[in-house]
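The values are calculated or read from the model by the stated rules, or taken from the named source; none is laboratory data. Keep in mind that this is a model prediction, so the values were computed, not measured. Here the Cβ is made from the backbone with ideal geometry for all residues, glycine too, and neighbour counts use every protein chain on show.
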Amino acid sequence: MSKLLKRLNDNQNKVADTNGIMKLQAWDYGVAQDLTNKQITATVANASGFLFDIDLVSNGTEIDLDFKDSQLQKLTPDTYFLEIKVTDKDGDVSVFPTEGYATFTINKNLHATEGALVPQITFDTVLADVKKAMDDKVADYTSTIAKGDKGDTGPQGPQGIQGIQGPKGDKGDAGATGPQGFTGKTGPQGPKGDKGDTGPKGDKGDTGPAGKDGVVDYSMTVNTTGDQSATGTKSFTDVNVSHILEANTLYKRVPSAGATPFLEMNDTNKGTKQAIGHYYSAFTHGSGVTLGAGGLTIVGGGESAKGLGDAINNGLADTSASGLPISDHGNEHTIIASDGYIYFMPGQQAGYPTLAPAFRLSSSGYLDKYTGSGWTPLITPTSTLLAQDSQVVHNTGNETVAGNKTFSGNTTIGGTLMNDSGWKNMSLASGVKATVARYRLLNGVVYIQVLDVTADVGKVFATLPAGYRPQHWIWESWFAANKSGNFLIGNNGEVSRASSTTSGTDSGTKASFEVSYPID
């Protein structure tokens with residue numbers, strides 16, 4: 001909608017009248033603009049072009065063009081053009097009006113003319129004055145002559161004085177037109193004469209150009225700006241409306257039982273119209289509505305839906321594997337978003353809502369079901385998969401699990417941690433040698449394997465670390481080279497060659513043993 005500049009009072013002032021104030025209003029989108037604390041500049045011009053700029057002030061929505069301004073006081077009688085520029089705090093400039101200009105007129109005052117008293121002169125006055133002068137001249141001359149005898153006729157005397165002017169003769173041919181003289185000053189306006197009789201109505205002439213706005217009875221018209229109420233049924237075709245401030249009911253005629261678009265967008269960016277809502281009519285079980293813009297559709301409560309749309313539009317969508325796999329509004333997806341719960345309530349009919357079955361999703365990540373007396377969670381925030389109850393292993397109860405299963409991490413069965421430390425080499429004492437000397441913890445059982453060890457009888461040759469030690473002493477026999485004896489594993493983890501049938505240390509005899517025991 002074009003910007004408008006409205007006059008709130010008369011648009012005329014007179015030379016030297018410094019008390020005149022022309023009040024204006026700047027309108028945009030049908031609303032008078034509040035120009036408080038904004039820079040306002042008026043540009044003044046006449047038919048010859050630009051004259052000057054002056055700064056103005058506003059009183060809310062009203063702008064005062066005060067003729068106390070020294071620039072305005074210099075204006076001579078003429079018609080002037082006016083344009084208002086408004087600059088906001090961000091430096092953006094709005095120019096009022098968008099089309100044409102506002103106008104105002106400076107009229108003359110009486111000091112602009114010079115007067116003189118002129119006597120009334122008529123032709124009869126001039127003729128009487130000439131006749132009187134000639135009569136006086138002849139009388140004076142006649143009084144100087146004495147009357148005698150009549151003499152002979154003498155010769156013709158000299159030409160006498162010019163006599164009185166005779167009547168006007170016929171009009172001669174017109175002479176050549178002389179140059180036009182200078183226009184004299186306009187005299188004071190005389191009294192207005194009586195109004196003559198109205199003549200007969202003539203034929204209708206051609207329509208002239210549109211004139212300036214005249215006086216309008218606003219109570220009988222719909223104006224291009226301002227707030228009004230219009231009653232009665234009005235029919236419009238192809239009406240462009242910037243804002244619908246209030247509508248109690250909006251109707252769309254449904255011409256058929258097929259898909260009738262009841263809401264569409266004119267995408268002037270692409271030059272196409274896109275229906276985003278269709279209505280289906282005349283079905284016995286009810287009518288239907290579809291919503292979809294041929295691309296992304298977001299339905300939500302609060303600011304959630306707009307926030308998502310803005311994020312996608314700005315390229316800020318979470319496109320990771322765990323987030324929102326949408327990068328632009330061309331994706332044909334539907335998103336339901338809200339700040340609080342999202343409810344799913346199938347099986348509804350007229351009357352009070354049916355609350356079972358009913359489901360809801362919360363912002364905390366729960367999927368709840370209504371039980372008739374309250375809500376119970378079906379999926380908790382920590383759940384990542386909803387499985388069939390009969391197909392999963394439960395925390396309690398007796399169940400049969402078939403097939404091969406591979407577990408990662410720590411698994412405890414019957415209180416025993418199921419894990420495997422792998423074989424670890426024993427750290428042997430100085431001078432002790434062995435082909436193999438190692439230990440291992442597998443699913444709660446410690447395994448020890450010692451082969452061909454040579455060690456002094458009665459000496460500790462290795463120590464098991466904590467977590468691998470038995471709860472009590474373990475004796476393990478050995479036999480080699482027709483000799484026999486025992487190894488001892490103490491509950492403090494010490495491993496030693498405890499005895500031999502040969503006296504002394506018997507350090508040269510190789511002996512072996514393998515043993516396993518639970519650590520609990």
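Taking only pairs six or more apart or across chains, which ones have beta-carbon atoms under 7 Å, a first residue in the range 363-375 that is closer than 20 Å to Ile336 by Cα, and a second residue that is among the charged types (D, E, K, R) and outside any loop (DSSP other than H, G, I, E, B)?
Listed pairs, sorted by first residue: Asp368/Arg360.
Considering only the range 59-77, state which residues are part of a strand (DSSP E or B) and exposed (fewer than 12 other Cβ atoms within 10 Å of the Cβ).
Hit for the range 59-77 is Asn59, nothing else.
So Lys405 ticks every box in (1) assigned to a loop (DSSP other than H, G, I, E, B); (2) charged (D, E, K, R); (3) under 40 Å from the mean Cα position of the chain (by Cα) but one. Which box is left unticked?
All conditions are met except number (3).
So which residues in the range 428-445 are closer than 14 Å to Phe513 by Cβ and in a strand (DSSP E or B)? Show your work before the answer.
Filtering the range 428-445 down to residues closer than 14 Å to Phe513 by Cβ leaves 434-439.
Val436, Ala437, Arg438, Tyr439, listed by residue number.
In the range 271-292, is there at least one residue being outside any strand (DSSP E or B), outside the structural domain of Gly330 (by TED's automatic domain parsing) and either closer than 25 Å to Leu361 by Cα or modelled with pLDDT of 80 or more (or both)?
Yes; the residues of the range 271-292 include at least one that is outside any strand (DSSP E or B), outside the structural domain of Gly330 (by TED's automatic domain parsing) and either closer than 25 Å to Leu361 by Cα or modelled with pLDDT of 80 or more (or both).
So which residues in the range 337-362 are polar (S, T, N, Q), under 30 Å from Ala311 (Cα atoms) and without any contact (Cβ under 8 Å) to a residue 24 or more places away in the chain, if there are any at all?
If the condition is that a residue be polar (S, T, N, Q), under 30 Å from Ala311 (Cα atoms) and without any contact (Cβ under 8 Å) to a residue 24 or more places away in the chain, then Ser362 is the only one that fits.
Would a scan of the range 12-28 turn up a residue that is part of a loop (DSSP other than H, G, I, E, B), surrounded by 12 or more Cβ atoms within 10 Å (Cβ to Cβ) and touching a Phe, Trp or Tyr at 6+ places or on another chain (Cβ under 6 Å)?
yes
Given the conditions (1) exposed (fewer than 10 other Cβ atoms within 10 Å of the Cβ); (2) charged (D, E, K, R); (3) not in a loop (DSSP other than H, G, I, E, B), which single one is not true for Glu399?
The failed condition is (3).
When you scan the range 456-502 for strands (runs of 3 or more DSSP E) that lie fully inside it, which ones turn up with 3 or more residues that are surrounded by fewer than 19 Cβ atoms within 10 Å (Cβ to Cβ) and of a type outside the set (A, V, I, L, M, F, W, C)? Quick ask: steps written out before the conclusion?
Details: elements: 460-463, 474-480, 483-489, 494-500.
Correct list: 483-489.
Select from the range 78-94 the residues that are touching a residue at least 60 places away in the same chain (Cβ under 8 Å) and exposed (fewer than 14 other Cβ atoms within 10 Å of the Cβ) and list them in ascending order.
Matches in the range 78-94: none.
Can you name the residue in the range 98-125 that is among the hydroxyl-bearing types (Ser, Thr, Tyr) and not in a loop (DSSP other than H, G, I, E, B) and, of all such residues, is modelled with the lowest pLDDT? First the steps, then the outcome.
Of the range 98-125, the ones among the hydroxyl-bearing types (Ser, Thr, Tyr) are 98, 101, 103, 105, 113, 122, 125.
Going one step further and asking which of them are not in a loop (DSSP other than H, G, I, E, B), we end up with 103, 105, 125.
Details: Thr103: 92, Thr105: 93, Thr125: 67.
So the residue we want is Thr125.
Which one of Tyr370, Tyr439 is modelled with pLDDT of 80 or more, under 22 Å from Ser477 (Cα atoms) and of a type in the set (Phe, Trp, Tyr)? Can you show your working first?
Details: Tyr370 fails: under 22 Å from Ser477 (Cα atoms).
So the residue among Tyr370, Tyr439 that is modelled with pLDDT of 80 or more, under 22 Å from Ser477 (Cα atoms) and of a type in the set (Phe, Trp, Tyr) is Tyr439.
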